[in-house]
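**Q** Sending over a structure as structure tokens; questions will come in a sec.
The values are calculated or read from the model by the stated rules, or taken from the named source; none is laboratory data. Just so it is clear, the model here is predicted, and its values are computed rather than measured. Heads up, the Cβs are rebuilt from the backbone with ideal geometry, glycines too, and the neighbour counts pull from every protein chain shown. Remember, those area values only see protein heavy atoms, side chains included, never the ligands or the DNA or RNA. Shrake-Rupley method; radii C 1.70, N 1.55, O 1.52, S 1.80 Å.
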Amino acid sequence: MRVELTVNGEARSDEVEPRLLLVHYLREVCGLRAANIGCDTTSCGACTVLLDGESVKSCTVLTAQAAGSQVTTAEGLASNGDLHPVQAAFRAEHGLQCGFCTPGMVMATVSLLAENQNPTEQEVREGLEGNLCRCTGYHNIVRAVLAAAAANSEGTG
Amino acid sequence: MIPAQFDYVAASSIAQALELLAEHGEDAKVLAGGHSLLPMMKLRLAAPEVLVDITGVPGLRGIMQDGDEIVIGATTRHADVASSSLIRSDAPLLGHAASLVGDPQIRHRGTIGGSIAHADPAADLPMAIIALGARLELTGPDGTRMVAADDFFTGYFETALAECELLTAIRVPRRPDEPWGYQKFVRRANDWAIVGVAATGGRIALANMGPTPLRATAAEKSLAAGNDPYQAAELAAEGTSPASDIHADPDYRRHLARVLTARALTGQR
Ligand SMILES: Cc1cc2nc3c(=O)[nH]c(=O)nc-3n(C[C@H](O)[C@H](O)[C@H](O)COP(=O)(O)OP(=O)(O)OC[C@H]3O[C@@H](n4cnc5c(N)ncnc54)[C@H](O)[C@@H]3O)c2cc1C
Ligand code: FES
Ligand code: FES
């Protein structure tokens with residue numbers, strides 16, 4: 001079947017099997033490898049991308065279900081070579097170790113901060129409950145999210 | 001994991017969805033958020049030949065007030081139920097239950113209708129709608145019928161829905177001032193209840209205490225007879241048949257049901 005959708009701002013039209021999962025479409029058809037497949041069972045969040053601005057686990061979405069939508073992956077966050085504030089905060093606060101969970105963590109954070117601009121630490125921890133870090137680097141991840149929120153609110157003043 | 005092959009149709013109306021279901025019978029499955037169905041298809045526990053996606057059907061999504069009831073369209077997502085000010089004020093138990101389903105990503109996809117139609121006895125929303133005394137609107141080729149939440153869950157993952165019927169709306173009584181309690185016992189984030197209890201308006205609903213979500217009728221009767229919540233909660237596991245799994249054996253589940261019912265009846269959440 002033919003699917004038309006927008007990926008990181010670029011309009012695409014591709015012939016896909018109905019059973020093609022969005023994460024496989026992004027990685028194998030679009031060549032975007034940021035979204036990782038960790039558990040493949042909707043648990044770990046490594047495959048998190050934005051669908052019309054909201055976080056979803058792309059291992060549990062059909063490409064066909066994303067037709068007509070805007071998909072954003074970690075590759076689509078930076079603009080003009082500048083890291084997105086959430087990416088910059090993860091780097092500054094050492095919010096990653098091996099980096100496997102990081103694209104998913106970053107995308108989940110972008111979605112979380114869009115819904116709640118000034119989360120408490122507790123709200124950050126609950127807001128990221130769908131993302132697991134196998135290196136268990138949660139403290140720095142939470143610090144990075146809080147730093148990104150603070151940077152955002154300074155920016156919008 | 002990759003599902004078996006299927007044809008995908010995005011239905012554009014209720015009538016078209018019903019026609020496809022009638023045409024393909026048990027080879028077809030309704031697709032809503034896909035957050036129960038796709039995991040099952042990936043594990044090849046389900047292999048429908050046709051998926052009828054109803055999320056683009058106009059009029060099936062949204063929350064509105066209709067007299068003494070809130071009407072929630074079947075494809076309304078958990079995130080929208082959880083953040084609705086109407087639900088938070090007039091049926092707060094339901095908003096709370098929706099906010100506890102899985103994690104944010106799951107709540108951005110999963111729908112109230114999908115959760116209820118899936119009928120997992122451990123799920124949050126089936127228990128919540130039983131506690132609230134909701135009514136379900138089912139639409140088939142011959143029109144629409146209403147079924148009480150109490151009568152909807154007929155067996156393990158089985159419901160009153162006929163093969164060629166859709167769950168189209170959930171009608172929840174508006175009770176802004178009614179006290180309520182909600183208890184979900186879990187060991188891990190983003191998990192289903194090992195045992196769950198929802199209580200409001202003299203009704204007590206249990207999750208994961210048998211093949212269907214069910215009411216703790218003995219405890220309800222005790223409460224109605226004027227006993228205090230702790231005495232009533234002692235009867236919460238009467239008549240239940242909880243399963244045994246890696247999380248808990250039946251005795252432990254009965255114990256949890258009693259403890260959690262006491263907490264729910266005293267308004268804890
Ligand atoms: C990791 C994980 C954790 C979860 N944790 C929880 C939890 O803590 N609590 C909880 O309650 N749930 C939990 N869930 C399940 C979640 O709530 C699902 O979203 C929900 O059960 C299914 O809704 P859906 O819209 O995704 O339905 P789908 O998966 O699309 O459909 C489910 C079933 O219902 C049928 N169906 C869907 N809509 C209709 C309709 N309108 N009429 C007739 N039939 C229909 C489908 O044919 C299918 O059989 C979890 C899921 C995952 C993957
Ligand atoms: S790979 Fe999708 S949630 Fe783990
Ligand atoms: S940094 Fe290694 S999994 Fe999170």
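**Q** Which number in (1) more than 14 Å from ligand 1 (Cβ to nearest atom); (2) under 17 Å from residue A:130 (Cβ atoms); (3) β-branched (Val, Ile, Thr) marks the one condition that residue A:48 misses?
**A** Condition (1) is where residue A:48 drops out.
Residue-by-condition table, conditions (1) modelled with pLDDT under 95; (2) outside any strand (DSSP E or B):
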residue	(1), (2)
B:1	yes, yes
B:8	no, no
B:15	no, yes
B:35	no, yes
B:81	no, yes
B:93	no, yes
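**Q** Testing residue B:94 on (1) over 12 Å from the mean Cα position of the chain (by Cα); (2) open to solvent by less than 10 Å² (accessible area, probe 1.4 Å); (3) closer than 26 Å to residue B:162 by Cβ, one condition comes back false. Which one is that?
**A** Result: residue B:94 passes all but (1).
**Q** Modelled with pLDDT of 95 or more, within 16 Å of ligand 1 (Cβ to nearest atom) and in the same structural domain as residue A:145 (by TED's automatic domain parsing): is that true of residue A:93 in this structure?
**A** It is false that residue A:93 is modelled with pLDDT of 95 or more, within 16 Å of ligand 1 (Cβ to nearest atom) and in the same structural domain as residue A:145 (by TED's automatic domain parsing).
**Q** Show me the helices (runs of 4 or more DSSP H) found entirely inside segment B:171-269 where at least 1 residues are among the basic types (Lys, Arg).
**A** B:217-224, B:250-265
**Q** Report, by residue number, each residue of segment A:98-139 that is hydroxyl-bearing (Ser, Thr, Tyr), outside any helix (DSSP H, G or I) and either open to solvent by less than 80 Å² (accessible area, probe 1.4 Å) or touching a Pro at 6+ places or on another chain (Cβ under 8 Å) (or both).
**A** Keep residues of segment A:98-139 that are hydroxyl-bearing (Ser, Thr, Tyr), which gives A:102, A:109, A:111, A:120, A:136, A:138.
Next, only the ones that are outside any helix (DSSP H, G or I) stay: A:120, A:136.
Of everything in segment A:98-139, just one residue is hydroxyl-bearing (Ser, Thr, Tyr), outside any helix (DSSP H, G or I) and either open to solvent by less than 80 Å² (accessible area, probe 1.4 Å) or touching a Pro at 6+ places or on another chain (Cβ under 8 Å) (or both), namely A:120.
**Q** When residues of segment B:39-70 are filtered for being farther than 18 Å from residue A:64 by Cβ, surrounded by fewer than 18 Cβ atoms within 10 Å (Cβ to Cβ) and in contact with a Gly (Cβ under 9 Å, 6 or more places away or on another chain), how many remain?
**A** The number of residues fulfilling the criteria is 3.
**Q** May I pose another question? Of all residues in segment B:192-229, how many are over 17 Å from the mean Cα position of the chain (by Cα) and either β-branched (Val, Ile, Thr) or surrounded by 18 or more Cβ atoms within 10 Å (Cβ to Cβ) (or both)?
**A** Residues meeting the conditions: 6.
**Q** Next up: Hey, can you tell me all the residues within segment B:159-191 that are within 22 Å of residue A:125 (Cα to Cα) and over 17 Å from the mean Cα position of the chain (by Cα)?
**A** B:186, B:187, B:188, B:189
**Q** Based on what the data block shows, is residue A:70 more than 16 Å from the chain's Cα centre (by Cα) and either modelled with pLDDT under 95 or among the polar types (S, T, N, Q) (or both)?
**A** no
**Q** Evaluate segment B:167-181: report whether one residue or more is within 15 Å of residue B:153 (Cβ to Cβ) and either within 14 Å of chain A (Cβ to nearest Cβ) or in contact with a Gly (Cβ under 9 Å, 6 or more places away or on another chain) (or both).
**A** Start the filter on segment B:167-181 by keeping residues that are within 15 Å of residue B:153 (Cβ to Cβ), which leaves B:167, B:170.
Filter once more, so that each one left must be either within 14 Å of chain A (Cβ to nearest Cβ) or in contact with a Gly (Cβ under 9 Å, 6 or more places away or on another chain) (or both): B:167, B:170.
Within segment B:167-181 (the criterion being within 15 Å of residue B:153 (Cβ to Cβ) and either within 14 Å of chain A (Cβ to nearest Cβ) or in contact with a Gly (Cβ under 9 Å, 6 or more places away or on another chain) (or both)), the answer is yes, since at least one residue qualifies.
**Q** Then there's this: Limited to segment A:8-38, what total is found for residues that are facing chain B (nearest Cβ under 10 Å) and within 16 Å of ligand 1 (Cβ to nearest atom)?
**A** 4
**Q** Give segment A:45-94 a look and list any residue that's open to solvent by 10 Å² or more (accessible area, probe 1.4 Å), assigned to a helix (DSSP H, G or I), more than 14 Å from chain B (Cβ to nearest Cβ) and free of Cβ contacts under 8 Å to residues at least 60 places away in the same chain, or say none.
**A** Selection gives A:74, A:87, A:91, A:92.
**Q** Show the residue pairs meeting these rules: Cβ distance below 9 Å; 6+ apart or different chains; first residue within segment B:21-40 and within 6 Å of ligand 1 (Cβ to nearest atom); second residue open to solvent by less than 20 Å² (accessible area, probe 1.4 Å) and of a type in the set (Lys, Arg).
**A** Every condition considered, the pairs that remain are B:35/A:57.
**Q** For segment B:71-86, which positions are surrounded by 24 or more Cβ atoms within 10 Å (Cβ to Cβ) and touching a residue at least 60 places away in the same chain (Cβ under 8 Å)?
**A** B:72, B:74 - these are the residues of segment B:71-86 that are surrounded by 24 or more Cβ atoms within 10 Å (Cβ to Cβ) and touching a residue at least 60 places away in the same chain (Cβ under 8 Å).
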